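Scroll down for the structure; my scribbles are underneath it.
Quick note: the coordinates plus some simple rules give every number you see, no bench work behind them. Since the structure is predicted, the reported quantities are computational estimates derived from the model, not experimental observations. Note: ideal-geometry Cβ built from the backbone for every residue, glycine included; neighbour counts use all protein chains shown.
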Amino acid sequence: MNEDCSSGQHFLVGEPTYSYGSSTRRLPRRIVLVRHGESFGNVDESEYTRTPDSQVRLTATGHNQAETTGRRLRDMMDETGEDYKLFFYLSPYRRSKETAIGIAKAFDGRRILGVREEPQLREQDFGNFQDYEAKQAEKRERHRFGRFFYRFPNGESGADVYDRITMFSDHMVRDIDAGRFPEDTNMILCTHGLTLRLFLMRWFHWTVAEYERIANPSNSQPIILERRDDITIEQSMHTKECYVLSKESMEGLVGCSEEMCTMILPEECWTRALQLGPDVNHSLLPPPDVPKPERYAEEP
C-alpha cells in the first residue's frame, strides 16, 4: 500500500482488476459496508462550522477503529481458506479514505484488486459551512418531519441521497453481472452512516417507514451482505437476490428485522409495501447516531 499524506491523497495499489465480459455471472463472496471511523465531527459538531465536511478527519480513536476492523475482516476471510481478494469503493470524503487506509493495513497488498473513488457514496449534503445553532434546529425539525423527505437548506434530503445511491448500486450490479469480479472477491464500501442505510434500503427494497426505523451502525462497524450458498449460476435470479444480510450485521442495525435482510421481489412483498400502519411519531424514533461502540470499539 502506498500512502502520500503530504498531498492529502491516498492510493492503495494492488493487482490489476479483472476484465469485463465474462460469459457466466461471477458473484463476489461478500459486500461489506463500513461507516467511517470516529471523526472530529462525531466528537464535536462545531467542527463543521470551520472545516468543510469533506475534509473532516478521523480522530485517533477513529484510526484505531479502522485498523481493528481491518484485522477482524482479515481474520474472518482467512477462516474460509479461500484465496480471497478485495475491491474498495470509497466516498471521496477524507474520513472515509482514512478508514479505508486503516482497513487495508491489515491485508497483503497483493490481495487488493483495486480501489475506486465514488462521489455517489459521499455523505448527505447538509449545506456547506454549517451554523451550529441553526443546524441543530434543522435536525430537530427533520426529526419531526421525517428523515427521508426532509431537505436541509442548500443541501440534500434523504430522498436525494437515495437517488444517487440507486445510480451507484445499479452501476455496481452491472459490473458484477459483466464478470468484473472473481467469485472470491470481497467488495468493501467505505462510506457514511446515512448513505449506508440508504444503500441497504435500495438493495433490499425497504419501504420508507422501514428505513426510518433504522439507526446508524457504530463507527467502523462492518455491515456484511453474504452471498447465498443455496444458489447456482443457472438460476434465474436478480443479483441482489443472491445476497443476505448477516445475522451479526442485522443485530448491529437497531430497528432491523429478519424480513428486511433479504431482497423481496415486488410481486412477493406488495402487501408489505401497501401497509400504511399507524402514523409515525418521529420524536419517538431513536436518533440515527446513537453511539453503540462496544463491539467494534478500538482494541486496548
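For this structure, a couple of remarks:
- When each of the peptides 214-226, 35-47, 248-260 is scored by the mean number of other C-beta atoms lying within 10 Å of its residues, the order from highest to lowest reads 214-226, 35-47, 248-260.
- Two-site FRET efficiency, Q136 against M167, from Cβ-Cβ distance with R₀ of 35 Å, rounded to 0.05: 0.65
- D44-R227 FRET efficiency (beta carbon distance; Förster radius 45 Å; 0.05 resolution): 0.65
- Under-5 Å amide H pairs with Y89, H placed in peptide plane, nonlocal only: R116, I188, L189, C190
- Put the Cα centre of region 25-53 next to the Cα centre of region 149-176 and the gap is 16 Å.
- Counting only lysines at least 8 places from K240 when in the same chain, those with an alpha carbon closer than 27 Å to its own are K85, K97.
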